[in-house]
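Please read the structure below before turning to the comments.
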Amino acid sequence: MSFSLQIEGSPPLPGGSPNLLDVVPKAGVCSTIGPDGLVTLHVPKFRSRTLQGILVKCRISPCVRIRLDEFGSCFWKLADGSRDVGEIGRELQTRFGESVQPVYERLAVFLRQMKANRCIALKEKRPTDRG
C-alpha cells in the first residue's frame, strides 16, 4: 500500500512520496486524557502569539478542543515519534480486531486530517530504523 504524503522539512524523495507504513507520526499539539481514557486535543485557533493573547484578554479560549474516539485516542497515545504507522496499525488491529477495519485506509484519512490541521508532525523512518 502506498500513500502520497508531504513530510515537513524534507525534499521530495527520488522514488516519490514515502509509503504510509514507513511514516513516523508524533503529536504536534497538547492533549489531555480524560477519565474514560479518551484523548482531547487542544489545537490553537491561531499560530500567532499576539492573536492568542488577544483571545485570552477577551476571555475566549485560544484553543479548539477536539475529542477523539477510542481508535483516534489509541493512535494518539501510540504516536510518540518512535513507532511507524505500520506498527501502530498492527497494534490497533490487535486491540480492536475487526471493528477497526479497514485499518490502513482509516489511518490514511486520519493522518491527512491531523496533518492538515497541524496536529501531528510526520517524518520518514530512517533506513537504519527499518527492520
Practice item. Give the residues of segment 92-121 that are charged (D, E, K, R) and surrounded by fewer than 15 Cβ atoms within 10 Å (Cβ to Cβ), sorted by residue number. Key: 95, 98, 105, 112, 118
Check your understanding: Of all residues in segment 44-73, how many are surrounded by 17 or more Cβ atoms within 10 Å (Cβ to Cβ) and more than 16 Å from residue 29 (Cα to Cα)?
Key -> 1
Practice item. Please give the number of the condition residue 89 fails out of (1) at pLDDT 90 or above; (2) touching a strand residue (DSSP E or B) at 6+ places or on another chain (Cβ under 7 Å); (3) surrounded by 15 or more Cβ atoms within 10 Å (Cβ to Cβ). Key: (2)
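The values are calculated or read from the model by the stated rules, or taken from the named source; none is laboratory data. Predicted model, so just to flag it, every value in this text is computed and none were measured. Positions of Cβ are generated from backbone atoms using ideal geometry, with glycine treated the same way; all protein chains shown enter the neighbour counts.
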